[in-house]
Amino acid sequence: MSDEKRQSSMGDVTEVKDLGVQCDVVPGLEGLTSCAATSQILARMQDDQISTAWDRQNTMKPCPIGAAGVCCNTCKMGPCRLIEGKEGKDRGVCGVTIETVVARQFGKFVAAGTACHSDHGREVAELMIAVSEEKAPGYRIKDTIKLYALAEEWGIELEGRSDLEIGGDVGRKALAEFSNQHGEGAFISRAPAKRIEKWREMGIIPRGNDREVVELMHRTNQGMDQQYKNLMKQVSRTAMADGWIGSMVATELQDIIFGTPAPATGEVNLGVLEPDYVNLVFHGHEPSVTELMVEYSLTPEVQAKAEAVGAKGFNMAGICCTANEQMVRHGVSIAGSYSAQEVVMGTGIVDGMVVDVQCVIEGLGEVAKHYHTKLLTTSPKAMIEGVQHVETDHSNAQEQAKAIVDMVIENFKNRDPSKINPVKDKMPAVAGYSFEYIKYMLGGKFRASFRPLNDAIIDGRIRGVAAVVGCDTPVTNNKEGTSEAAHVELVKKLIANDVLVVQTGCSATVSGKAGLLTPEAMEMAGPGLRSICEAVGIGPVLHAGACVDNSRILVALAEMVHEGGIGEDIDELPVAGAAPDWMDAKAIAIGQYFVDYGVYVAFRPTLPVTGSTEFQKYIFEDYEQISGGKWAQFDKWEDMADGMLAHIDKKREALGINGEQERVLYDMEMRRDLEV
Ligand code: NFS
């Protein structure tokens, strides 16, 4: 877009930015993003002809056969592009049916997603062992209460033993969870008794992650499992290994090593990058190296080094789930979600960007070439062509973390004044609602309990609880509103209808940008939810952490059942889950373990299963008879909200607690008021 056009419609972009307030989206980019800050940077990047995912999604049209999950590329006789109901096209060369193909593709997503969270969890278990052997300088056990609790749960001797000895046993036991060949994952016992019985009947309790992922990859290969319902059992068992082993080990052991989250206040959006400071942006999922960078960054030594290069100080901000990990534990600010990873460099003031694993897109390397930003990879599992690699392991992480920070400070002087384009937009956000903190906050220090939550659900002040989680992308824009609007409007509608919202992942970041992670958001809540928020002193939207921290939600739901009064199993609870703009295989693995927990799980946009009517009926309808939960898919956030509220009301009805609450129906005026 030309400068004249932009200036004539909104004045000079720099002037608007200098007001320091949320301003409007740059004209012409409204269909792409509802975030003013993102639009300002994107407009400049487009002018400078720097390609980002926001542009590439315009030219890349998805293959409709692949999008429907009916492209079978399992062997070299194809790829077979199947079309339901079309003679000669409804089976592959080998004779495979459409249902089998869709189930295989779905299963491969779950295998990949589970592998990601599990490899992350395994790293943390290994770190725990290294800490206990004093082979991980810089790391220590921060939460001994959680360490003792977990050791006790796992039958590990506490008496007369040091924290490091106990930690070593916890680490080794956690590590063994990944390779167990038989039995049941140790955390399974945290689920309600009725649910465990159901899982045993279904035959889906995971043994070890490695075995489940390998078996699923075996069974989804050509010539293998040809009964999609039978194959789905292994899909479920693998997804369960994701939630109840991989992710839960990651969450629990990270809490022990780095501290269990409690509410901390930070800021969210691109405006957290400070023009006068050295800015280091970190991105990825495994927080271990970043933890040490954050610690080092707070020392007077770093302040002095930053001042020596002419900066006012040193500033760190995150992207994606490493950001969520730092926000919930230390209140470190978040620059943006998945969608912002390239855009962040367009500010021209990112002196270094450090990435670890997962959701790090390949386009980053190309964008970095246009700026002074020093892009660095740290994991031997995720390197980028042409990008400097600073290999880290547990033994050298502290020294490498310092080297990275020092390198980034040095790079401050290489800023190109002609490319500096900062924005001021940012929002305060409170994050850090771990399961332990929620329990404490509801019941108090001496009687920590979920009782007040259950009572509020029973008396109708809280209609239900919703988890709104998962990715955001630049892709679903232009169709039914922007990606960010889908997250934000969905959350607003849920809280307006007295549904308490718990968030993780990029969805939480998007809410943070919209100001939903503040106590003030209670103004947007329905009267019942608001009365609870006022009494407890919280906002209506609780940020619980990264995507592995969905395991906190598993534990919290179990606690609601254990507390009593709202059913004996998860599928009786008035709860629902949603991923308003899912993208990664990890999201499908998460969705499946919640469905198997008995939860209604709504995804937007559609899942890659639309090529088979029969498979869709199985997961969207019949599955409710099997697990008590089911999948749902939507194109519009409005329909998603209605589906979630209807499900919550159905459960309230079954529990006999559906009182007088009135559904808030949005007219056009209310919608406009809710604009992001
Ligand atoms: Ni989850 Fe976190 Fe974000 Fe999606 Fe990627 S960062 S693990 S996968 S995009 S929420």
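Derivation of every value follows stated rules applied to the coordinates shown; laboratory data play no part. Please read these numbers as outputs of a predicted model, since none were measured by experiment. Cβ coordinates were reconstructed from backbone atoms using ideal geometry, including for glycine residues, and neighbour counts include every protein chain displayed.
In percent, how large is the relative contact order of the chain, given Cα pairs closer than 8 Å and 6 or more residues apart?
Result for the chain is 16 percent.
To one decimal place, what Kirkwood hydrodynamic radius in Å is obtained for the range 264-419 from all pairs of distinct Cα atoms? Don't jump to the answer; show the numbers that get you there.
Details: mean 1/r = 0.0664 Å⁻¹.
Averaging 1/r across every pair of different Cα atoms and inverting gives 15.1 Å.
State, to one decimal in nm², a quarter of the convex hull surface area for the C-alpha atoms of the range 432-655, i.e. the direction-averaged projected area. Display every interim value, and only then the final one.
Working: hull surface 44.7 nm².
Taking a quarter of the hull surface, the average projection is 11.2 nm².
Of the trypsin sites (Lys or Arg not before Pro) in the range 78-186, which ones lie in a loop per DSSP and count no more than 11 other C-beta atoms within 10 Å? All intermediate terms of the calculation are to be shown ahead of the outcome.
Details: sites: R81, K86, K89, R91, R104, K108, R122, K135, R140, K142, K146, R161, R172, K173; in loops: K86, K89, K135, R140, K142, R161.
When the trypsin sites (Lys or Arg not before Pro) of the range 78-186 are filtered for loop state and at most 11 Cβ neighbours within 10 Å, K86 remain.
Given Cβ point charges of +1 (Lys, Arg) and -1 (Asp, Glu) and nothing else, what value in debye, to the nearest 20, does the dipole of the range 264-419 about its Cα centre take?
Details: 10 positive and 21 negative charges, 63 e Å.
In total the dipole reaches around 300 debye.
With +1 on the Cβ of every Lys and Arg and -1 on the Cβ of every Asp and Glu, and nothing else charged, how large is the dipole of the chain about its Cα centre, in debye rounded to the nearest 20?
Numbers: 67 positive and 97 negative charges, 216 e Å.
Dipole size: approximately 1040 debye.
Take the residue pairs K424/K513; K61/K108; K108/K617; K146/K198 and return only those whose Cα atoms are more than 18 Å apart. Walk me through the numbers on the way to the answer.
Values: K424/K513 12 Å; K61/K108 23 Å; K108/K617 20 Å; K146/K198 29 Å.
As for pairs spanning more than 18 Å Cα to Cα, those are K61/K108; K108/K617; K146/K198.
Can you give the calculated 222 nm mean residue ellipticity of the chain, where each DSSP H run of n ≥ 4 adds -39,500 (n - 2.57) and the sum is split over every residue, rounded to the nearest 500 deg cm²/dmol?
That calculation yields -14000 deg cm²/dmol at 222 nm.
Can you run phi through the Karplus equation (6.51, -1.76, 1.60; θ = phi - 60°) for the range 574-581 and list ³J(HN,Hα) in whole Hz, with x for Gly and Pro?
x, 9, 8, x, 8, 10, x, 7
Count of lysine pairs in the range 264-419 with Cα atoms under 18 Å apart, counting only pairs 8 or more residues apart in sequence or on different chains?
9
If one computes the Cα centroid of the range 178-257 and of the range 579-603, what distance in Å separates the two points?
After rounding, the separation between the Cα centres reads 15 Å.
Direction-averaged shadow area of the convex hull around the Cα atoms of the chain, nm²? If you can, show how the numbers build up before the last one.
Details: hull surface 117.6 nm².
So the mean shadow area of the Cα hull is 29.4 nm².
Quick query: amide H of K374 versus all other amide H atoms, modeled in the peptide plane; which residues come in under 5 Å with a sequence gap of 5 or more or a different chain?
Here G352, M353 satisfy the definition.
Give me the log10 of I(q) over I(0) for the range 320-411 at q = 0.13 Å⁻¹, as the Debye formula computes it from C-alpha points; what are the numbers?
The calculated log intensity ratios at q = 0.13 Å⁻¹ are -0.43.
How much of the DSSP beta bridge set in the chain is antiparallel, as a percent to the nearest 5? Write down the numbers at each step before the final one.
On the way: 8 of 48 bridges.
Roughly 15 percent of the beta bridges in the chain run antiparallel, per DSSP.
Given charges of +1 on the Cβ of Lys and Arg and -1 on the Cβ of Asp and Glu, with all other atoms neutral, how large is the dipole of the range 98-258 about its Cα centre, in debye to the nearest 20? The partial results should precede the final answer.
Details: 21 positive and 25 negative charges, 154 e Å.
Magnitude of the dipole: close to 740 debye.
Under Stokes-Einstein, with the Kirkwood radius over Cα pairs standing in for Rh, what whole-number D in µm²/s applies to the range 349-487 at 37 °C and 0.692 mPa s? Show your work: numbers first, answer last.
Numbers: Rh = 19.8 Å.
Answer, rounded: 166 µm²/s.
Can you check how the C-alpha radius of gyration of the range 98-258 compares to 2.2 N^0.38 Å, as a plain ratio?
1.14
If you project the alpha carbons of the range 525-613 onto their three principal axes, what span does each projection cover, largest first, in Å?
48, 27, 25
So if I restrict to the alpha-carbon atoms in the range 561-645, what is the Rg, and what is Dmax, the biggest pairwise distance, in Å?
When restricted to the Cα atoms of the range 561-645, Rg and Dmax are 13.0, 42 Å.
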